[in-house]
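The values are calculated or read from the model by the stated rules, or taken from the named source; none is laboratory data. Not measured: the values here are computed from a predicted model. Note: ideal-geometry Cβ built from the backbone for every residue, glycine included; neighbour counts use all protein chains shown. Note: areas computed on protein heavy atoms with side chains; ligands, DNA, RNA excluded. Shrake-Rupley method; radii C 1.70, N 1.55, O 1.52, S 1.80 Å.
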Amino acid sequence: MTTGDDRLRQTYRALGQLIKQVEVAFIKRRADLRAFQGSRSEYHQAAAAYQEWKSRTVHFANCARARRSELEDRVCRINQHDTLDLTATALRTLTQAIADHRDAIRSGSREETAADRMLWLRLKLPPCAAESNHPASLAP
């Protein structure tokens, strides 16, 4: 379940939820043992059963944490890549909207303002961005 990006994220989230469920189970089982009512020998049997369960569960939780930790760097890189893609798309869309606005002003009856010209210069829009097939890209 760690080959594809979506599966990797899904596995990472599932391991996180599993670890939280284990932590909740620890709290509940500990509270149940503290609230135990019965004879001393029954309590010792319950405490021994709890310790056995706790030992197995701690090992399981540690394995889940270790595996989740191994996936963390990969998930972070995927999320950063997705964020960069979304940001780049948003910037291209914004640049195209500004170029369309500029072209609409220039072809219409409204006068260009100083703010319009400053924005266009700041973004270094190509002269005919609206006519190109690709959205205008921002200059570095």
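Taking every DSSP helix (H) stretch of at least 4 residues in the chain, weighting each as -39,500 (n - 2.57) and dividing the sum by the residue count yields a mean residue ellipticity at 222 nm of -28500 deg cm²/dmol. In this simple spin-label approximation, R30 and D82 carry label points 7 Å from Cα along the Cα→Cβ vector, and these lie 3.4 nm apart. The shape of the chain can be summarised by an equivalent ellipsoid whose semi-axes, obtained from the alpha carbon gyration tensor, come to 64, 17, 10 Å from longest to shortest. The equivalent ellipsoid of the range 22-71 has semi-axes of 28, 11, 4 Å, largest first, where each one is the square root of 5 times an eigenvalue of the Cα gyration tensor.
Starting from the residue with the highest accessible area, list I27, I19 in decreasing order, probe 1.4 Å. Before the final figure, lay out each step's value.
Numbers: I27 110, I19 20 Å².
From most accessible down to least: I27, I19.
With R₀ fixed at 25 Å, the C-beta to C-beta distance from I19 to Y50 puts the FRET efficiency at about 0.80.
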